Amino acid sequence: QQKVQQSPESLTVSEGAMASLNCTFSDGTSDNFRWYRQHSGKGLEVLVSIFSDGEKEEGRFTAHLNRASLHVSLHIREPQPSDSAVYLCAMSIPRIFFGDGTQLVVKP
Amino acid sequence: DMKVTQMPRYLIKRMGENVLLECGQDMSHETMYWYRQDPGLGLQLIYISYDVDSNSEGDIPKGYRVSRKKREHFSLILDSAKTNQTSVYFCASSFRGDTEVFFGKGTRLTVV
């Protein structure tokens with residue numbers, strides 16, 4: 001069973017519209033989650049780290065964690081075409097498990 | 001400057017040749033990783049290193065070995081490369097196993 005599952009696989013939004021990405025995980029003991037972004041042909045960069053239930057904001061990126069429902073989400077406010085990338089959810093228990101990613105396309 | 005550096009960035013090898021991928025980090029991180037990334041399969045952990053000469057297999061270690069003789073340097077070795085090892089390989093490091101992971105830019109390996 002994959003420990004971290006992401007949805008949707010791909011998402012297209014218009015510039016300025018909110019983008020919402022989801023991640024469900026199978027291990028409720030973790031309190032260590034991160035969202036990473038990967039532009040095409042590049043390495044991964046961390047966007048937001050969240051360690052407790054609730055909300056964590058980093059600029060235009062907001063993560064919501066609800067461990068009871070085994071769910072963490074990422075919301076991107078006012079997305080821009082430069083935000084087009086693959087977004088990966090990661091859970092540490094403490095070994096890190098990555099989801100397979102959501103391909104986000106932001107249309108001008 | 002916090003950085004993970006991978007060399008080379010692109011590599012083409014013939015089947016059966018030996019391959020050496022090198023990775024360095026300047027953050028004195030204890031933990032280093034090698035992943036491969038393939039379309040539809042996401043990031044797959046090959047090996048993890050907790051410090052010098054303290055290496056553990058990840059999820060797909062077969063066909064690979066690693067070497068970590070200095071904390072800042074972690075090598076991935078493919079003895080007799082196979083075509084199914086064509087992939088993008090990422091090196092990464094973190095202070096500990098549960099802290100933020102810093103990734104290199106990747107090495108695109110093609111085995112023909």
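Just want to confirm a number: the relative contact order over chain B, from Cα pairs under 8 angstrom separated by 6+ residues, in percent.
36
With a sphere of radius 15 Å drawn around the Cβ of B:H29, what net charge do the other residues whose Cβ falls strictly inside it have (Lys, Arg +1; Asp, Glu -1)?
Local charge sum for B:H29: -2.
Are there GluC sites (Glu not before Pro) in the range A:50-108 that DSSP puts in a loop and that have at most 13 other Cβ atoms within 10 Å, and which ones?
Listed in order of number, the matching sites amount to none.
Let me know the charge dipole size of chain A about its Cα centre in debye, to the nearest 20, where only the beta-carbon of Lys, Arg (+1) and Asp, Glu (-1) is charged.
Rounded to the nearest 20 debye, it is 180 debye.
Treating only the Cβ atoms of Lys and Arg (+1) and Asp and Glu (-1) as charged, compute the dipole magnitude of chain B about its Cα centre; round to the nearest 20 debye.
Charge dipole, chain B, about its Cα centre: 460 debye, nearest 20.
Excluding B:P8 itself, what net charge comes from residues whose Cβ is under 15 Å from its Cβ, given Lys and Arg +1 and Asp and Glu -1?
Net local charge, B:P8 excluded: +2.
Cβ under 11 Å from B:G40's Cβ, B:G40 left aside: what net charge do those residues give with Lys, Arg +1 and Asp, Glu -1?
My count for the surroundings of B:G40 gives -3.
Under 10 Å, Cα contacts only: if you run a Gaussian network model on chain A, which one of A:A63, A:A17, A:A85 comes out with the highest mean-square fluctuation?
A:A17
About its Cα centre, how strong a charge dipole does the protein assembly as shown have in debye, to the nearest 20, once Lys and Arg get +1 and Asp and Glu get -1 at the Cβ?
Here the protein assembly as shown has a charge dipole of around 700 debye.
Straight-line reach only, C-alpha to C-alpha below 18 angstrom: list the lysines that B:K62 could link to, leaving out same-chain residues fewer than 8 apart.
Excluding near neighbours in sequence, the set is B:K82.
Every read-out reported here was derived from the displayed coordinates using simple, explicitly stated rules and does not represent laboratory data. Note that the structure is a prediction, hence the values are computed from the model and not measured. Note: ideal-geometry Cβ built from the backbone for every residue, glycine included; neighbour counts use all protein chains shown.
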